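The values are calculated or read from the model by the stated rules, or taken from the named source; none is laboratory data. Predicted model, so just to flag it, every value in this text is computed and none were measured. All Cβ positions, even for glycine, are placed from backbone atoms using ideal geometry, and neighbour counts span all protein chains on display.
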Amino acid sequence: MPEEVELVRRAVRREAEAFARLYELHLDEVFRYVYYKSGDTVEAEDLTEQVFLKAWESIDRFQWRGTPFRAWLLRLAHNLVVDRWRGRRETQSLNDIQSAPGPGPEGQAYKTLEVQELQRALCSLSAEQQQVIILRFVEDLSYQEIASIMGKSEGALRVIQHRALVNLRKAMAAS
């Protein structure tokens, strides 16, 4: 995205307008990532603001390394979430999926049960597996972007994803 490249260049030179535009472009995806990691709206809002504050503080050290700017932001988000929740088991919230209207009361009830079952299954995964599933299937990131965020090789991510999907399938079958 040529516009983003120019915005990043200007933000590195400490142009507040350019950084404000980057904030607008990436706010929703950073919030969504943090929300799925924390499961709490207020906590996600707080952490999202911290991500952008940290990004502004360190934007002059940003360097293009073959991955999009959003990968750098999501790496910052990941680090903040890990710092905040260190020592606790990370869980995901899928309440936003539940709030989508269904075809009727029966359909909505069935959908609610499915979401609850999926939530339980996700909680059975390791934090690393949860993160790969969220980044890959919720955020729709490429393996290259996820590798940059998590500091792992693309091959390792494929293995983690495969194991996570196997574990999800087993957990869903056991429910």
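Listed values, structure above:
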item: Residue within the range 10-18 that is surrounded by fewer than 16 Cβ atoms within 10 Å (Cβ to Cβ), more than 17 Å from I134 (Cα to Cα) and among the small types (G, A, S) present; result: yes
item: Verdict on Q63 being out of contact with any strand residue (DSSP E or B) (no Cβ under 9 Å at 6 or more places or on another chain) and in a helix (DSSP H, G or I); result: no
item: Only listed residue being within 14 Å of H78 (Cα to Cα), of a type in the set (A, V, I, L, M) and either touching a residue at least 12 places away in the same chain (Cβ under 8 Å) or assigned by TED's automatic domain parsing to the domain that holds A127 (or both), chosen from V30, V12; result: V30
item: Any hit, the range 66-77, residues being over 15 Å from the mean Cα position of the chain (by Cα), exposed (fewer than 15 other Cβ atoms within 10 Å of the Cβ) and under 15 Å from I146 (Cα atoms); result: yes
item: Residue in the range 117-132 that is modelled with the lowest pLDDT, counting only those that are crowded, with 17+ Cβ neighbours inside 10 Å and of a type in the set (A, V, I, L, M, F, W, C); result: L118
item: Residue in the range 1-19 that is modelled with pLDDT of 90 or more and closer than 24 Å to V138 by Cβ present; result: no
item: Condition met for D96 (outside any loop (DSSP other than H, G, I, E, B), modelled with pLDDT under 50 and of a type in the set (D, E, K, R)); result: yes
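Per-residue answers, yes or no, for (1) closer than 12 Å to H78 by Cβ; (2) at pLDDT below 90:
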{"residue": "I134", "(1), (2)": "yes, yes"}
{"residue": "S142", "(1), (2)": "no, yes"}
{"residue": "I149", "(1), (2)": "yes, yes"}
{"residue": "S153", "(1), (2)": "no, no"}
{"residue": "L157", "(1), (2)": "no, no"}
{"residue": "H162", "(1), (2)": "no, no"}
{"residue": "S175", "(1), (2)": "no, yes"}
